[in-house]
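Q: Quick one: structure below, then a few questions.
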Amino acid sequence: MTTYVIIGGGLAGAKAAQTLREEGFDGEVVVIAAEAERPYERPPLSKDYLRGKSEKSGIYVHEPSWYDDNRVDLRLDVVATEIERAAREVRLSDGTRQPYDKLLIATGATPRPLPVAGAERALYLRTAADSEALKEAFAAGGEVVIAGAGWIGLETAAAAAEAGCSVTVVESAPAPLVHALGPELGEVFAGVHRGHGVRLRTGEEIAEVRRGSVLLRGGEELAADHVIAGIGAAPNDRIARAAGLEVADGVLVDQSLRSSDPDVFAAGDVANAFNPLYGRRIRVEHWANALNGGPAAARAMLGREVVYDRVPYFYTDQFELGMEFSGDVAGHDEVVYRGSVADLEFIAFWLHAGRVVAGMNVNVWDVAGDVQKLIRAGTPVDVKRLTDPSVPLSDL
Ligand SMILES: Cc1cc2nc3c(=O)[nH]c(=O)nc-3n(C[C@H](O)[C@H](O)[C@H](O)COP(=O)(O)OP(=O)(O)OC[C@H]3O[C@@H](n4cnc5c(N)ncnc54)[C@H](O)[C@@H]3O)c2cc1C
């Protein structure tokens, strides 16, 4: 029987397994999953689940019975330790070997450790267990210091502040989210957080995590009952590299998510995929990329014609700010706005040579599709009409 093996029981892996069955694949589907939990979605871990506003049952990708019902052999708590491409086998941590005909690497990413003394005292947020540990820490209250004002850092800061903790976010860049959004929009997020009493220490870094405090590079010591590190994540590409696959910040794959080995594919956070829309490789660490990339890879494994050219998409909720972000700000030369930034109800557009390359709708809904159409079109836009709320985006 033909066997398709998926390494990684996250959203990308689970959705790939689902697609294999939906597309009529009748062979064996094996999912090797390092975690003891069945596949679940991570966004709630820094939002409603962390805030205690939603139940754990809501995080899972499928019901427990789905795996048996669909003949998906889900091996929990087992790590794929090596891919032997010549033998077409995966070595597993339980000492067994799993043969494959085609293989999908959907191993996700791991939080980067704080590169300072005392880092072992810091908490991280990637898994459901991490989220539960943070919830417990926030319930205990006190001073929370967060390293990194990226998405994870800011969402965690909002949850901690809402739980009644005193929160400081330490960020080395001059504003939050500079890498994702550039400095101007980062200030919008900074304003929202400050408005809720979160202290932002930009242009600073944690130099050491001590018992009950952190030492900043500038020499100041901040009280810290809990230290949380949200300084980015690294792709889990070690076994791919060891297997001789082309790897550079993730597994390099083409527009059909196929790696340098035609029988091995990659999807989700670990995939550094060629996106024909941008004409370059992009590694996207967002939920929608796992949701859509897993199924795309599954179809490619089945020999279907696949061109994975989605506009990167991300969403977040922090205090009263809800937003959707589409595109990639790299190389932009201008940011323009439609609506009121002061009232936190606007769409920001990032332009490159007069073309929309990214857009973010803040507390404005049902427009992400139109924003993505503008990005996809890749043609110069009339900025006056783009920024005029009376002109429907669909008319542009
Ligand atoms: C707290 C948090 C909040 C987030 N919020 C948002 C959000 O609001 N919006 C958004 O767009 N994105 C968000 N994201 C990002 C989104 O969750 C990820 O992009 C998504 O989880 C990626 O899915 P994945 O399947 O590629 O990887 P993962 O979800 O990381 O799953 C990979 C799985 O593979 C396992 N694995 C790794 N190596 C092996 C191995 N060798 N053998 C077996 N198993 C292995 C891992 O343990 C893991 O369970 C958030 C992420 C986090 C952590």
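The values are calculated or read from the model by the stated rules, or taken from the named source; none is laboratory data. The structure displayed is predicted, hence computed values, not measured ones. Don't worry about glycine lacking a Cβ; one is built from the backbone with ideal geometry, like all the others, and counts go over all protein chains shown. Note: accessible area is taken over every heavy atom of the protein model, side chains too, but ligands, DNA and RNA are not part of it. Shrake-Rupley method; radii C 1.70, N 1.55, O 1.52, S 1.80 Å.
Q: Probe radius 1.4 Å, ligands and nucleic acids left out: which of R217, R280, R126 has the largest accessible area, and how do the rest follow?
A: Order by accessible area, largest first: R217, R280, R126.
Q: Working from the pairwise distances between different alpha carbons, so that the mean of 1/r is found and then inverted, what is the chain's Kirkwood radius in Å?
A: 22.2
Q: Picking from A119, V253, H226, whose Cα lies most toward the positive end of the charge dipole for the chain (charges on Cβ: Lys, Arg +1; Asp, Glu -1)?
A: It is V253.
Q: May I pose another question? So which GluC sites (Glu not before Pro) in the range 133-229 pass both tests, a DSSP loop state and at most 16 other Cβ atoms within 10 Å of the Cβ?
A: E220
Q: Roughly how many Å² of M360 are accessible to a 1.4 Å probe, to the nearest 10?
A: Its heavy atoms expose roughly 0 Å² to the probe.
Q: Looking at the chain as a GNM with Cα springs under 10 Å, which of D309, D68, D263 has the largest mean-square fluctuation?
A: Evaluated over the chain, the most mobile residue of the options is D68.
Q: Let me ask something additional. What is the sum of charges around V335, taking Lys and Arg as +1, Asp and Glu as -1, for the other residues whose C-beta is under 12 Å from the C-beta of V335? Kindly include the intermediate steps, with their values, before the conclusion.
A: Working: positive: R338; negative: E184, E187, D333, E334.
With Lys, Arg at +1 and Asp, Glu at -1, the net is -3.
Q: Let me ask something additional. Please state the Cα pair-distance histogram of the range 113-229 with 10 angstrom bins from zero: what percent is in each bin?
A: 15, 49, 33, 3
Q: So how do K373, K102 rank on accessible area, 1.4 Å probe, biggest first, that is with the largest at the start?
A: Putting K373, K102 in descending order of accessible area: K373, K102.
Q: Would you work out the relative contact order for the range 320-395, in percent, from Cα pairs under 8 angstrom that are 6 or more residues apart?
A: 31
Q: Using the alpha carbons of the range 303-396, what is the convex hull volume per residue in cubic angstrom, as a whole number?
A: Output value, Cα hull per residue: 122 Å³.
Q: Per-residue ellipticity at 222 nm for the chain, helices alone: DSSP H runs ≥ 4 residues times -39500 (n - 2.57), over residue total, nearest 500 deg cm²/dmol?
A: On the way: 10 runs with 94 residues, N = 396.
Roughly -7000 deg cm²/dmol at 222 nm, from the helical runs in the chain.
Q: According to the Cα gyration tensor, what semi-axes, each the square root of 5 times an eigenvalue, does the equivalent ellipsoid of the range 150-295 have, listed from largest to smallest in whole Å?
A: After scaling each eigenvalue by five and taking roots: 36, 18, 14 Å.
Q: So what is the relative contact order of the chain, in percent, for Cα pairs below 8 Å that sit 6 or more residues apart?
A: It rounds to 14 percent for the chain.
Q: Oh, and also: How would S46, S57 rank on accessible area, largest to smallest, probe 1.4 Å?
A: Descending order: S57, S46.
Q: A follow-up question, please. For the ranges 5-13, 240-248, what's the packing order if you count other beta-carbon atoms within 10 Å of each residue, average per peptide, and put the highest first?
A: 5-13, 240-248
Q: Is there a quick way to get the dipole size of the chain? I mean about its Cα centre, with the Cβ of Lys and Arg at +1 and of Asp and Glu at -1; what is the value in debye to the nearest 20?
A: Here the chain has a charge dipole of around 500 debye.
Q: Let me know the Kirkwood hydrodynamic radius for the range 238-282, please, with Cα pairs as the basis and the value in Å to one decimal. Could you put the intermediate results ahead of the total?
A: Numbers: mean 1/r = 0.0976 Å⁻¹.
Result for the range 238-282, one decimal place: 10.2 Å.
Q: I would also like to ask the following. How many percent of the accessible area of the range 36-183 is carbon or sulfur, using a 1.4 Å probe?
A: It is 49 percent, rounded to a whole number.
Q: Oh, and also: Using a cut-off of 11 Å between beta-carbons, work out the net charge of the residues near N361 (Lys and Arg +1, Asp and Glu -1, N361 not included).
A: For residues surrounding N361, the net value is -3.
Q: Another question, if that's okay. Just the number please: accessible area per residue for the chain, 1.4 Å probe, all protein chains included, in Å². The partial results should precede the final answer.
A: Numbers: 16530 Å² over 396 residues.
Per-residue accessible area for the chain comes out at 42 Å².
Q: At a threshold of 8 angstrom on Cα-Cα distance, excluding pairs fewer than six apart, so keeping six or more, what relative contact order does the range 3-117 reach in percent?
A: Relative contact order here is 34 percent.
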